[in-house]
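**Student:** Quick one: structure below, then a few questions.
FYI, it's all coordinate maths here, none of it is from the lab. Owing to the predicted nature of the structure, the values given are computational and were not obtained by experimental measurement. Cβ sites come from the backbone with ideal geometry, for glycine too, and all protein chains shown count toward neighbours.
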Amino acid sequence: MRTSSKKALRLSLVAAGTVLLTSGCTGKEAYDNAFGIGWPQPKSEQGKVMYDVWTGSVAAAAAVGLAMYVLIALTVIRDRKKTEELPRQVSYNLPIEVLYTVVPFVIIAVLFFYTAVGENKVNKLTPNPDVTIGVVGFQWNWQFNYMDDKVQVTGEPAKGQEAVLVLPVNKRIKFIETSPDVIHSFWVPDFLFKRDVIPGRLNAFEIKPTEKGTYTGRCAELCGEKHDRMNFVVKVVSQADYDTYIAGLKADPNAAANELGAALVTGDN
Ligand SMILES: [Cu+2]
């Protein structure tokens, strides 16, 4: 190996190491963050599907972008002005025009295919989910109804009581959601999932949380004056901790199913 290329190799190794160390994460995290390109690592099975569609689309866009820059650079260098004569004119070049039309169509068809397959997976409802949660988004907070156990938790920020949603890890959770007033949107950024909450309608979807932890939830639809108060907390716990939590709610008279939750059984599903 020549000295200059050895030097270049050493320099690039040092640069790569510096980037890794100064970013303050492990190799695995750095790798995940680099490929998430702005997205957090998904903490749900459905989120993983969307994450893969996203990273795949960005990789395709980056490849097309890079190919364009290379072509532009090539032509700038190779075809720069050398004489006063016009260069050879190549308009109405049929093969090139066919290529211009077919290649973008193929790219769009492939992206469309993966998006449609991903969307079907994310929207899939399975029979007999492990837990069913009824979500009521209202002005200005959330109520979570544990439908199988007929208990609920209602967030009341004025009383300093935040809406907490406890879910067992690695279980299929069916959500049914509605609203008594305006459109809200149930959003848990770490699940990479959001779904509109619409008055007079029951929207259903399924989420399988894959990692224990505490996550922030938000309303993702500007629903009025106190929209910013509509934050909630999601706690993903073990099945045993979930059972203990539900037993505690059952013993609490304030947690009995109430009128707000009745909206979940009217309307059509
Ligand atoms: Cu809202």
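**Student:** For the ranges 237-243, 61-67, what's the packing order if you count other beta-carbon atoms within 10 Å of each residue, average per peptide, and put the highest first?
**Tutor:** With the highest mean Cβ count within 10 Å placed first, the list reads 237-243, 61-67.
**Student:** Now for a different question. What shape does segment 42-123 take by its C-alpha gyration tensor, where a ≥ b ≥ c are the square roots of the eigenvalues and a/c under 1.5 counts as rounded, a/b above b/c as prolate, and the rest as oblate?
**Tutor:** Verdict is oblate for segment 42-123.
**Student:** Next question. Using the C-alpha gyration tensor of the chain, what are the square roots of 5 times its eigenvalues, in whole angstrom, with the largest one first?
**Tutor:** Over the Cα atoms of the chain, the ellipsoid semi-axes are 51, 25, 17 Å.
**Student:** Separate question: Quick one: which residues, 5 or more positions from LYS43 or on another chain, have an amide H under 5 Å from its amide H? H modelled 1.01 Å from N in the peptide plane, none for Pro or chain starts.
**Tutor:** For LYS43, the qualifying residues are PHE191, LEU192.
**Student:** Here's another thing I want to ask about it. For segment 131-234, what proportion of DSSP beta bridges, expressed in % and rounded to the nearest 5, is antiparallel?
**Tutor:** Given both bridge residues lie in segment 131-234, the antiparallel proportion sits at roughly 70 percent.
**Student:** For VAL103 and LEU222 in one chain, what is 0.36 nm times their gap in residues minus the Cα-Cα distance, to one decimal in nm?
**Tutor:** Full extension of this stretch gives 38.9 nm more.
**Student:** I've got another one for you. Which residues in segment 196-231 place their backbone N less than 18 Å from a point set 7 Å from the Cα of VAL182 along the Cα-to-Cβ direction?
**Tutor:** Zone members listed by number: 196-201, 218-231.
**Student:** Considering the options GLN139, GLY200, ALA59, tell which one lies farthest towards the positive end of the dipole of the chain, charges being +1 on Lys and Arg and -1 on Asp and Glu at the Cβ, about the Cα centre.
**Tutor:** Checking the options against the dipole of the chain, the answer is ALA59.
**Student:** Moving to a separate point now. Antiparallel versus total DSSP beta bridges in the chain: what percent is that, nearest 5?
**Tutor:** Antiparallel bridges: around 70 percent, rounded to the nearest 5.
**Student:** Okay, moving on. Among HIS184, HIS227, what is the fewest-to-most ranking by other Cβ atoms within 10 Å?
**Tutor:** Result, fewest neighbours first: HIS227, HIS184.
**Student:** Here's a follow-up. Under 25 Å Cα-Cα from LYS250, which lysines qualify once same-chain neighbours fewer than 8 residues away are excluded?
**Tutor:** LYS250 reaches LYS150, LYS159, LYS171, LYS174, LYS208, LYS212, LYS235.
**Student:** Taking amide H positions as placed in the peptide plane 1.01 Å from N, state which residues far from LEU202 in sequence (5 or more) or on other chains have amide H under 5 Å from it.
**Tutor:** ASP268
**Student:** Counting pairs of alpha carbon atoms under 8 Å apart in space and at least six apart in sequence, what relative contact order in percent does segment 131-264 give?
**Tutor:** 30
**Student:** Based on the Kirkwood radius over alpha-carbon pairs, what value in µm²/s does the Stokes-Einstein equation return for the translational diffusion coefficient of segment 131-264 at 25 °C and 0.890 mPa s?
**Tutor:** Answer from the Stokes-Einstein relation: 167 µm²/s.
**Student:** Would you work out the relative contact order for the chain, in percent, from Cα pairs under 8 angstrom that are 6 or more residues apart?
**Tutor:** Over the chain, the number comes to 19 percent.
**Student:** Something else about it: Starting from the amide H of LEU167, placed 1.01 Å from N in the peptide plane, find each other amide H under 5 Å away whose residue is 5 or more places distant or on another chain.
**Tutor:** LYS235, VAL236, VAL237
**Student:** Can you tell which of LEU74, PHE113, TYR100 lies farthest toward the positive end of the dipole of the chain, using +1 and -1 charges on the Cβ of basic and acidic side chains (Lys, Arg; Asp, Glu)?
**Tutor:** Positive-end residue among those listed: LEU74.
**Student:** Now, a different point. At 7 Å along Cα-to-Cβ for each site, give me the label-to-label distance between ALA62 and VAL76 in nm.
**Tutor:** Result: 2.2 nm between the two label points.
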